[in-house]
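A.B. asks: The structure under discussion is supplied below as structure tokens; questions concerning it will follow.
The values are calculated or read from the model by the stated rules, or taken from the named source; none is laboratory data. Since the structure is predicted, the reported quantities are computational estimates derived from the model, not experimental observations. All Cβ positions, even for glycine, are placed from backbone atoms using ideal geometry, and neighbour counts span all protein chains on display. Just so you know, the surface numbers come from the protein's heavy atoms only, side chains and all, with ligands and any DNA or RNA stripped out. Shrake-Rupley method; radii C 1.70, N 1.55, O 1.52, S 1.80 Å.
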Amino acid sequence: MEAIVALNKVVKDYPLGKLTVQALRGVDLTIAPGEFTVIAGPSGSGKTTLLNMIGCVDVPTTGSVTIAGRETGKLKDRARAKLRLEKLGFIFQTFNLIPVLSAAQNVEFPLLLHGRLGTRERQRRVAELLEAVGLAEQARQRPNELSGGQRQRVAIARALVTEPAIVLADEPTANLDSVTGLAIIDLMKEMNARRNTTFIFSTHDEHVMAHARRMVHIADGKLAEDRALAPPAATAEAPEPGATP
Amino acid sequence: MRAILKIAFHNLLQARLRTTILTLVLAGVTALLVVMGALSQGFTDTLRTNATALSSGHVNVAGWYKSKATDAWPLINDVGEIERIAKENTPGLDYVVRRDRSWAKLISRDHSFFVSPSGIDITAERRLKSILKLAPESAYKDGGQDAPVGSFDRLVEPHTAILFASQAKRLGVGVGDYVTLTSPTGSGRTNSIDVTVVAVARDMGMMSNWNMFVPSADIHELYQTADDTSSAVMIYLDDPTEAEAVMGHLREVFAARGYTVMDHQPQAFFFKFETVAGEDWTGQKLDLTIWSDEVSYIDFMSTALDSVTAILIVILMGIIAIGIMNAMLMSVRRRTAEIGTARAIGMTRSGVLAMFVTEALLLGLFASLLGAALGALLANGIDAAQIQPPPMVSALLMSDTLHLSVDGGQIVRAVVVFTLVTGLAAVSPAIRAARLEPVTAIHHTS
């Protein structure tokens, strides 16, 4: 199967005053469609930089990043924005919902940027996803009226609404309590199974890591370990999607 | 675009305090512009109304007669024929009147000064009669009654005169008193006639300083001119905005009939005496003008009002633009997270730019519409209140009350200009927002 994500000798340098910090030091990585992959590693190891590369919000200093067959470093800013809109979904550690929009409007936002769907189809998709993440009742509420877990569910719905090939999640559970965090991971797994969407998320929480089927370990900007994980026995403590954490 | 509009609209609602302050300031300046514009328009309307009643038609077929090269008499011979040609060839004609123009010294027992008496047929002067109002006697006579005395219609009687209140006051005369008009004639003699004041009109700004009215026959007697002479045939049109076109047409008509038509000079007739006297010709020439030519010497007032308005608005708009720019810069800093999110999701740089500019445009549109509506209400209120400004202002504005006239086109221009200025003020902060790298913005949020 052709890789949906392919990184080839990716190096990323950041200038820091007169020094240069090397955040990634020649990372090679391929991820197939439908994988549920965790990028693990301690703080400062390069997890977020790696996700930024895959998410096309940054380009490598050297090496190449190919997403859905397109090498991101060769694309112009507008083309990268289009690639992000059409192929990628983002879930952020701090949720990053647009504060002035309701839950439903936040989910609808990428579709409005897309501009290809009519009002009825947009509303259908938004309603379906809010239902799927258990927030149908909260559709009209603003982010500041939602709990942390509910906000992250809105972010997941927003990430999935354009039916992207890849969803990237940077420490999606870091600002949530453990029960809510696991519920979010379960929701991501459910979406991965139901839609065959590739999920790539970063974490340094071992309980969360255990739910992935593949773990890529980053240390000092290098790929330290890449291994398949056995599925966990059960997540009894996780509440059902739709419950309010 | 819908996403951008939605976010812009919701952001304006979210930042209530900022939106309210900017809206109030913008609306205030727009209202000021509309009120100042209405004052200028009101002045122009008053000027046109007064000018076309006191000293000019919408179009004038006047003329100069020179028996020798150094003469300059504002006279046209065979005025009946000229009036007939004008009537037959004026599209959209309302009516015509004849006016005898002159320049004479007005003398009472106490005082004297130069005026420009107009010889008229009061029965034919529809506009003049509708605009002249009798002044209360107390306005020009110490101990006079508060009710007006006299009648404009008595000007049908020979040797009568209508004065304005300020003239009557300076001369120390009232209704029933006589004054003397004296002027040099074409034969080189100085003639005088005594006229009885039959009515004193309310002042109409500075034009009431030198205008006064007597029967046409009195001017003919004063200058010893024939009955078939006059100074001008004043033409009133159904649509005064057609004046210039009609003048152009009549120039061609009279030229085609063999009349010598002077080059068009946009000046009042009394500014042309020296010019005409210095020209080396004799006989008759026609001089066609429109109403704005005859009051061009007071154009400065309209220009001054417009200039003051322009300077004031430019200064205030500059201050507002800086305010909006600062507010938007703060907004960009505050919303770096939002910008990063939008960019990560797939919004382009131009989308970010449009998001901020649209927000400013919406603010500008709403505020200027509100301001224009308030300004129009205020202007109409001031106009309805018939406020009496100080005499000096009254003289300059050609009216004893403040007259404001709101023009629809001016409101549209104000709304468009203020909306655009607001949008333009947001361009620089919007460019700064659009230049943010998504990775930087996302890190900022993290």
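A.B. asks: In the set B:ARG154, B:ARG170, B:ARG126, which member is of a type outside the set (Gly, Ala, Ser), under 21 Å from B:SER394 (Cα atoms) and in contact with a strand residue (DSSP E or B) (Cβ under 8 Å, 6 or more places away or on another chain)? Please lay out each step first, then the result.
C.D. replies: On the way: B:ARG154 fails: under 21 Å from B:SER394 (Cα atoms); B:ARG126 fails: under 21 Å from B:SER394 (Cα atoms).
On inspection, the qualifying residue turns out to be B:ARG170.
A.B. asks: Another question, then. Please identify the pairs in which a residue from region B:246-270 that is on the phi < 0 side of the Ramachandran plot has its Cβ atom under 7 Å from the Cβ atom of a residue that is of a type in the set (Gly, Ala, Ser), counting only partners at least 6 apart or on another chain.
C.D. replies: That search, which allows pairs on different chains as well, returns B:LEU250/B:ALA86; B:VAL261/B:ALA255; B:PRO266/B:SER296; B:GLN267/B:SER296; B:ALA268/B:SER296; B:PHE269/B:ALA62; B:PHE270/B:SER116.
A.B. asks: Can I ask one more? Which of the residues that make up region A:78-91 are at the interface with another protein chain (Cβ under 7 Å from one of its Cβ atoms), more than 13 Å from A:ALA68 (Cα to Cα) and crowded, with 24+ Cβ neighbours inside 10 Å?
C.D. replies: Result: A:ALA81, A:PHE90.
A.B. asks: Let me ask another. Checking the condition under 22 Å from A:VAL5 (Cα atoms), within 20 Å of the chain's Cα centre (by Cα), modelled with pLDDT of 90 or more and not acidic (Asp, Glu), which residue from A:ILE67, A:ILE156 passes? Write out each step before concluding.
C.D. replies: Numbers: A:ILE156 fails: modelled with pLDDT of 90 or more.
Step by step, each of A:ILE67, A:ILE156 is checked, and only A:ILE67 is under 22 Å from A:VAL5 (Cα atoms), within 20 Å of the chain's Cα centre (by Cα), modelled with pLDDT of 90 or more and not acidic (Asp, Glu).
A.B. asks: Mind checking which residues of region A:92-125 are open to solvent by 30 Å² or more (accessible area, probe 1.4 Å), in contact (Cβ under 8 Å) with a residue 24 or more places away in the chain and facing chain B (nearest Cβ under 10 Å)?
C.D. replies: Taking region A:92-125 first, the residues open to solvent by 30 Å² or more (accessible area, probe 1.4 Å) are A:93-94, A:99, A:105, A:113-121, A:123-125.
Applying the additional criterion that residues be in contact (Cβ under 8 Å) with a residue 24 or more places away in the chain yields A:93-94, A:99, A:113-114, A:125.
Residues satisfying the conditions are A:GLN93, A:THR94, A:PRO99, A:LEU113, A:HIS114.
A.B. asks: Out of region B:372-387, which residues are farther than 16 Å from B:GLN41 by Cβ and polar (S, T, N, Q)?
C.D. replies: Scanning region B:372-387 gives a single hit, B:GLN386.
A.B. asks: Ok, one more. From the list B:ALA344, B:ALA354, pick out the single residue that is touching a strand residue (DSSP E or B) at 6+ places or on another chain (Cβ under 6 Å), within 14 Å of chain A (Cβ to nearest Cβ) and in a helix (DSSP H, G or I).
C.D. replies: Of B:ALA344, B:ALA354, the one residue that is touching a strand residue (DSSP E or B) at 6+ places or on another chain (Cβ under 6 Å), within 14 Å of chain A (Cβ to nearest Cβ) and in a helix (DSSP H, G or I) is B:ALA344.
A.B. asks: Now for a separate question. Looking at region A:2-30, which of its residues are among the β-branched types (Val, Ile, Thr) and either in a loop (DSSP other than H, G, I, E, B) or within 14 Å of chain B (Cβ to nearest Cβ) (or both)?
C.D. replies: From region A:2-30, those among the β-branched types (Val, Ile, Thr) are A:4-5, A:10-11, A:20-21, A:27, A:30; that's our starting set.
Within region A:2-30, A:ILE4, A:VAL21 qualify.
Every residue, every condition in (1) at negative phi; (2) open to solvent by 70 Å² or more (accessible area, probe 1.4 Å); (3) assigned to a loop (DSSP other than H, G, I, E, B), yes or no:
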position	(1), (2), (3)
B:GLN388	yes, yes, yes
B:LEU396	yes, no, no
B:HIS403	yes, no, yes
B:VAL415	yes, no, no
B:THR419	yes, no, no
B:ALA430	yes, no, no
B:ALA433	yes, no, no
B:ALA441	yes, no, no
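A.B. asks: Could you look through region B:126-170, keep only residues that are assigned to a strand (DSSP E or B) and of a type in the set (Val, Ile, Thr), and pick out the one that is farthest from B:LEU237 (Cα to Cα)? Before the answer, list the steps.
C.D. replies: Step one: of region B:126-170, the residues assigned to a strand (DSSP E or B) are B:134, B:136, B:148, B:150, B:160-164.
Still in the list and also of a type in the set (Val, Ile, Thr): B:160, B:162.
Numbers: B:THR160: 29, B:ILE162: 26 Å.
Filtering region B:126-170 for residues that are assigned to a strand (DSSP E or B) and of a type in the set (Val, Ile, Thr), the one farthest from B:LEU237 (Cα to Cα) comes out as B:THR160.
A.B. asks: Tell me, please, whether a residue that is facing chain B (nearest Cβ under 8 Å) and not in a loop (DSSP other than H, G, I, E, B) can be found in region A:135-144.
C.D. replies: no
A.B. asks: Okay, moving on. If I ask for residues that are farther than 23 Å from A:SER147 by Cβ and either without any contact (Cβ under 8 Å) to a residue 40 or more places away in the chain or assigned to a helix (DSSP H, G or I) (or both), which ones from region A:184-214 would you list?
C.D. replies: Residues satisfying the conditions are A:ASN192, A:ALA193, A:ARG194, A:ARG195, A:GLU206, A:MET209, A:ALA210.
A.B. asks: Determine whether B:GLU88 is surrounded by fewer than 20 Cβ atoms within 10 Å (Cβ to Cβ) and closer than 13 Å to B:THR229 by Cα.
C.D. replies: Details: surrounded by fewer than 20 Cβ atoms within 10 Å (Cβ to Cβ): yes; closer than 13 Å to B:THR229 by Cα: no.
The answer is no for B:GLU88.
A.B. asks: Quick check: anything in region A:31-45 outside any strand (DSSP E or B), crowded, with 18+ Cβ neighbours inside 10 Å, free of Cβ contacts under 8 Å to residues at least 60 places away in the same chain and within 14 Å of chain B (Cβ to nearest Cβ)? It would help to see each step written out before you state the result.
C.D. replies: Just the residues of region A:31-45 that are outside any strand (DSSP E or B), to begin with: A:32-35, A:41-45.
Now narrow it down to the ones that are crowded, with 18+ Cβ neighbours inside 10 Å: A:35, A:41, A:45.
With free of Cβ contacts under 8 Å to residues at least 60 places away in the same chain added as a condition, the list becomes none.
No, there is no match, as no residue in region A:31-45 is outside any strand (DSSP E or B), crowded, with 18+ Cβ neighbours inside 10 Å, free of Cβ contacts under 8 Å to residues at least 60 places away in the same chain and within 14 Å of chain B (Cβ to nearest Cβ).
A.B. asks: Let me ask something else about it. Which residue is farthest from the other protein chains (Cβ to nearest Cβ), if the candidates are limited to region B:4-23 and must be open to solvent by less than 60 Å² (accessible area, probe 1.4 Å) and free of Cβ contacts under 8 Å to residues at least 40 places away in the same chain? Break it down into steps so the answer makes sense when it comes.
C.D. replies: Kept after step one, since they are open to solvent by less than 60 Å² (accessible area, probe 1.4 Å), are these residues of region B:4-23: B:4, B:6-8, B:10-12, B:15, B:18-19, B:22-23.
Filter once more, keeping what is free of Cβ contacts under 8 Å to residues at least 40 places away in the same chain: B:6, B:10.
Details: B:LYS6: 7, B:HIS10: 4 Å.
Across region B:4-23, the extreme among qualifying residues is B:LYS6.
A.B. asks: Of the residues B:THR336, B:THR303, B:THR341, B:THR309, which is buried (at least 19 other Cβ atoms within 10 Å of the Cβ) and either of a type outside the set (Lys, Arg) or under 22 Å from B:LEU362 (Cβ atoms) (or both)? If you could, list the steps in order and put the result at the bottom.
C.D. replies: Values: B:THR336 fails: buried (at least 19 other Cβ atoms within 10 Å of the Cβ); B:THR303 fails: buried (at least 19 other Cβ atoms within 10 Å of the Cβ); B:THR309 fails: buried (at least 19 other Cβ atoms within 10 Å of the Cβ).
Among B:THR336, B:THR303, B:THR341, B:THR309, only B:THR341 is buried (at least 19 other Cβ atoms within 10 Å of the Cβ) and either of a type outside the set (Lys, Arg) or under 22 Å from B:LEU362 (Cβ atoms) (or both).
A.B. asks: Between B:THR20, B:THR30, which is out of contact with any helix residue (DSSP H, G or I) (no Cβ under 9 Å at 6 or more places or on another chain), of a type in the set (S, T, N, Q) and at pLDDT 90 or above? Give the derivation first.
C.D. replies: Numbers: B:THR30 fails: out of contact with any helix residue (DSSP H, G or I) (no Cβ under 9 Å at 6 or more places or on another chain).
The conditions single out B:THR20.
A.B. asks: What number of residues within region A:164-196 are open to solvent by 20 Å² or more (accessible area, probe 1.4 Å), of a type outside the set (S, T, N, Q) and out of contact with any strand residue (DSSP E or B) (no Cβ under 9 Å at 6 or more places or on another chain)?
C.D. replies: Residues flagged as open to solvent by 20 Å² or more (accessible area, probe 1.4 Å), of a type outside the set (S, T, N, Q) and out of contact with any strand residue (DSSP E or B) (no Cβ under 9 Å at 6 or more places or on another chain) within region A:164-196 amount to 5.
A.B. asks: Does A:GLU163 count as more than 13 Å from every other protein chain (Cβ to nearest Cβ) and without any contact (Cβ under 8 Å) to a residue 12 or more places away in the chain? I'd like the intermediate steps shown before the answer.
C.D. replies: On the way: more than 13 Å from every other protein chain (Cβ to nearest Cβ): yes; without any contact (Cβ under 8 Å) to a residue 12 or more places away in the chain: no.
In short, no.
A.B. asks: For region B:24-42: of the residues being buried (at least 19 other Cβ atoms within 10 Å of the Cβ) and under 14 Å from B:ALA321 (Cα atoms), which is nearest to the other protein chains (Cβ to nearest Cβ)?
C.D. replies: Checking each candidate, the answer is B:LEU26.
A.B. asks: Could you please let me know if A:PRO143 is modelled with pLDDT of 90 or more and touching a Pro at 6+ places or on another chain (Cβ under 6 Å)?
C.D. replies: On the way: modelled with pLDDT of 90 or more: yes; touching a Pro at 6+ places or on another chain (Cβ under 6 Å): yes.
The answer is yes for A:PRO143.
A.B. asks: Which residue is surrounded by the most Cβ atoms within 10 Å (Cβ to Cβ), if the candidates are limited to region B:248-271 and must be in a loop (DSSP other than H, G, I, E, B) and out of contact with any Phe, Trp or Tyr (no Cβ under 9 Å at 6 or more places or on another chain)? If you could, list the steps in order and put the result at the bottom.
C.D. replies: Of the residues in region B:248-271, the ones in a loop (DSSP other than H, G, I, E, B) are B:257-260, B:262-268.
Next, from what is left, pick out any that are out of contact with any Phe, Trp or Tyr (no Cβ under 9 Å at 6 or more places or on another chain): B:257-259, B:263-264, B:266.
Details: B:ARG257: 12, B:GLY258: 6, B:TYR259: 19, B:ASP263: 7, B:HIS264: 15, B:PRO266: 11.
Taking the candidates together, the pick is B:TYR259.
A.B. asks: How about region B:106-149: which of its residues are within 30 Å of B:ASP78 (Cβ to Cβ) and of a type outside the set (A, V, I, L, M, F, W, C)?
C.D. replies: B:SER116, B:PRO117, B:SER118, B:GLY119, B:ASP121, B:THR123, B:GLU125, B:ARG126, B:ARG127, B:LYS129
A.B. asks: Is it true that B:ASN11 is out of contact with any Leu (no Cβ under 8 Å at 6 or more places or on another chain) and either under 16 Å from B:LEU362 (Cβ atoms) or in a loop (DSSP other than H, G, I, E, B) (or both)?
C.D. replies: Values: out of contact with any Leu (no Cβ under 8 Å at 6 or more places or on another chain): yes; either under 16 Å from B:LEU362 (Cβ atoms) or in a loop (DSSP other than H, G, I, E, B) (or both): yes.
When the stated conditions are applied, B:ASN11 passes them.
A.B. asks: What tally of residues in region B:46-81 results from selecting those that are more than 22 Å from B:TRP210 (Cβ to Cβ), aliphatic (A, V, I, L, M) and surrounded by fewer than 24 Cβ atoms within 10 Å (Cβ to Cβ)?
C.D. replies: 2
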